[in-house]
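The values are calculated or read from the model by the stated rules, or taken from the named source; none is laboratory data. Keep in mind it's a predicted model, so treat the numbers as computed, not measured. FYI the Cβ positions are ideal-geometry reconstructions off the backbone, even for glycines, and counts take in every protein chain you see. Remember, those area values only see protein heavy atoms, side chains included, never the ligands or the DNA or RNA. Shrake-Rupley method; radii C 1.70, N 1.55, O 1.52, S 1.80 Å.
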Amino acid sequence: HVECTCRTWVCGQAPLNTRIVGGVDAPDGSWPWQVSLHSTLYGGHFCGGSLINNEWVLTAAHCLPGVSASSLRVYLGRRTQEGVNTHEISRNVRTIIVHPSYDSNTNNNDIALLRLSSTVTFNDYIRPVCLAAQSSVFISGTSSWITGWGNVQAGESLPSPGILQETMVPVVANDRCNTLLGSGSVTSNMMCAGLTQGGKDTCQGDSGGPMVSRQCTVWVQSGITSWGYGCADPNAPGVYTRVSRYQSWITNRIGQNLPGFVTFNPPTSCSSASLTSTSCRGRCNEKYNSRFRCNCNTNCSINCCRDYRQRCASKFKHIPFSKKQKNTNALLENSPLIEGGC
């Protein structure tokens, strides 16, 4: 028996992001979950974050010492820190929740949640990211995208007009990262990413922002920008909070309208990513084949899972299907298993 709470939104979708390898300036709408945190304490942008549902933002705990909820302003749909952002909205913050075991000396458990003052409406420029579920695996070399408005190198601010930056870095295994950064400094609650030769990294001002990887058609947040030695130095990968370690904590803190948690694994093909799915998008545990192309096929037609109700009725008898849900179900056909959603 599978318990399921229906939602009317899908995480990890970036309709305006069609690139495999990109440049330095992020095109408008490429990372619709990216948020910019501003505080009167700092006089503007000071950290990043990610939208995980319509009223919660995930960020780093180390961004928030001395910062009150009343001093915070969260900007969504923003591309530049200066000038006009056509698709931008902003919200105040109602609640700050810092992980109770956050250690500012070791940076362990560097994670926090912000509850927005009111919900946001999703569009192509403002959407939630999926979060890595607890059993996710990010092997060494996994391509990971990092984004933010931080310094372009140590001590050098992002030049005007402050366009959101993006770059791709590979995951570095924890044992290798500990060898490079100091034995024991990288805990199991952390993960690393970066190039051996340096040159690509997050920096001051990027803290709290997301590191994401693409699994078929869905973007999954693996890490939160946390700490590092210098910026983009050789043999000094950036260190990120490992999001998959906090599924229970996030779930317990938010309580309802939960984010989408996706089990990220390195599939041999996109189809294998959804073999254990228990919904239309995974064909009720059926293996992918050429006749039923729902699994991870960006061209999947609406009728692909036409017989979902009959095949899955025994598993989801308590889930009502209404006209209101029809379009949502069509969107879900292109997604791998998203825990906590229908």
Out of all the residues in the stretch 121-162, which are more than 18 Å from S222 (Cα to Cα), open to solvent by 10 Å² or more (accessible area, probe 1.4 Å), among the β-branched types (V, I, T) and at pLDDT 95 or above?
-> T121
Out of the residues in the stretch 68-90 that are of a type outside the set (S, T, N, Q) and part of a loop (DSSP other than H, G, I, E, B), state the one that is nearest to V10 (Cα to Cα).
-> G77
Residues in the stretch 104-120: is at least one under 30 Å from G182 (Cβ atoms), of a type in the set (A, V, I, L, M, F, W, C) and surrounded by fewer than 21 Cβ atoms within 10 Å (Cβ to Cβ)?
-> no
Please list, ordered by first then second residue, the pairs with beta carbon atoms under 9 Å, 6 or more apart or interchain, first in the stretch 158-177 and without any contact (Cβ under 8 Å) to a residue 24 or more places away in the chain, second assigned to a loop (DSSP other than H, G, I, E, B) and surrounded by fewer than 20 Cβ atoms within 10 Å (Cβ to Cβ).
-> P159/V152; N174/T187; N174/S188
Pairs, first of a type in the set (S, T, N, Q) in the stretch 128-141, second assigned to a loop (DSSP other than H, G, I, E, B), C-beta under 6 Å, six or more apart = S135/T263; S136/T263; S136/F264; S140/A173
Can you tell me how many residues in the stretch 211-227 are within 19 Å of N189 (Cβ to Cβ) and crowded, with 24+ Cβ neighbours inside 10 Å?
-> 9
Considering only the stretch 202-233, how many residues are closer than 19 Å to G12 by Cβ, among the hydroxyl-bearing types (S, T, Y) and modelled with pLDDT of 90 or more?
-> 3
Which numbered condition G199 fails, given (1) of a type in the set (G, A, S); (2) at pLDDT 95 or above; (3) surrounded by fewer than 21 Cβ atoms within 10 Å (Cβ to Cβ) = (2)
Within the stretch 242-264, restricting attention to residues that are in contact with a Gly (Cβ under 7 Å, 6 or more places away or on another chain) and either of a type in the set (F, W, Y) or open to solvent by 20 Å² or more (accessible area, probe 1.4 Å) (or both), which residue is nearest to F138 (Cα to Cα)?
-> R242
